[in-house]
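Bear in mind these aren't lab numbers, they're just calculated from the coordinates by the rules spelled out. All figures in this text were calculated on a predicted structure; none of them were measured in a lab. In this analysis, Cβ positions are derived from the backbone assuming ideal geometry, glycine residues included, and neighbour counts consider all displayed protein chains.
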Amino acid sequence: MLADRDAVWGYVLGTRDSARFEQLCEREWFAQLRQRYPMPAADDQSRDARMQRLIHTGYRADADLAAWPAHLHIDLLPPVQGKGWGRHLLRIFLDRLLELDVSGVHLLTGPSNPRAMAFYRRAGFVPVKSTANVIAYGMRLRP
Ligand SMILES: CC(C)(COP(=O)(O)OP(=O)(O)OC[C@H]1O[C@@H](n2cnc3c(N)ncnc32)[C@H](O)[C@@H]1OP(=O)(O)O)[C@@H](O)C(=O)NCCC(=O)NCCS
């Protein structure tokens, strides 16, 4: 987490094992949340309804990305972008994966986010799978 006394400015988070994370999400989280937040009406386009639909979609680890078992998310607010903090947060996350002897890591972004694509390429990620809206980038951490 990137924070000072006034605010949280950004974060990096993820999992070392996406397949295990999927199982844990279903067992510990989504099953209970689906009871509490039923599927909203199809014409309900409120933010709450969109979030509730995501609960019912759940998380599915992509088997095509199993060779890069960890995955991550990184986001910084605009005032702290472009100052090296993203690279710093990413390094902390990758160092932890190396300590845990994880073989690889992936993340998802899209062609609508060229800044993120440039950032990941600069960090050493390479595109490993793409669809019209989503590009998966991967990085091997050991042979
Ligand atoms: C994408 C993001 C995490 C990058 O973090 P950042 O702190 O802005 O990036 P850094 O300052 O650490 O940049 C590291 C390297 O990435 C590259 N980079 C970053 N932004 C770039 C841009 N707009 N164009 C080209 N290269 C860029 C630079 O080459 C830089 O290396 P250099 O200093 O050797 O030139 C951050 O901008 C962000 O959170 N953006 C909004 C949310 C988002 O898009 N998250 C990712 C969702 S998939």
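All told, Gly104 falls short of being near the ligand (Cβ under 8 Å from one of its atoms), under 17 Å from Val12 (Cβ atoms) and among the small types (Gly, Ala, Ser). Taken as a whole, the condition of being among the hydrophobic types (A, V, I, L, M, F, W, C) and in contact with a Lys or Arg (Cβ under 7 Å, 6 or more places away or on another chain) applies to Leu97. Regarding Ile135, is this residue among the hydrophobic types (A, V, I, L, M, F, W, C), under 30 Å from Asp6 (Cβ atoms) and touching a strand residue (DSSP E or B) at 6+ places or on another chain (Cβ under 7 Å)? Answer is no for this residue. Among the residues making up the range 107-137, those that are more than 14 Å from the ligand (Cβ to nearest atom) and either closer than 24 Å to Gly84 by Cβ or loosely packed, with under 12 Cβ neighbours inside 10 Å (or both) are Val126, Thr131, Ala132.
In the range 75-93, which residue that is within 12 Å of Trp9 (Cβ to Cβ) and near the ligand (Cβ under 6 Å from one of its atoms) is surrounded by the most Cβ atoms within 10 Å (Cβ to Cβ)? Among them, the one singled out is Gly86. Among the residues of the range 53-85, those identified as over 14 Å from Phe125 (Cα atoms) and among the small types (Gly, Ala, Ser) are Gly58, Ala61, Ala63, Ala66, Gly82, Gly84.
More than 18 Å from Phe21 (Cβ to Cβ), without any contact (Cβ under 8 Å) to a residue 40 or more places away in the chain, of a type in the set (D, E, K, R) and in a helix (DSSP H, G or I) - does that describe any residue in the range 51-70? There is at least one residue in the range 51-70 that is more than 18 Å from Phe21 (Cβ to Cβ), without any contact (Cβ under 8 Å) to a residue 40 or more places away in the chain, of a type in the set (D, E, K, R) and in a helix (DSSP H, G or I).
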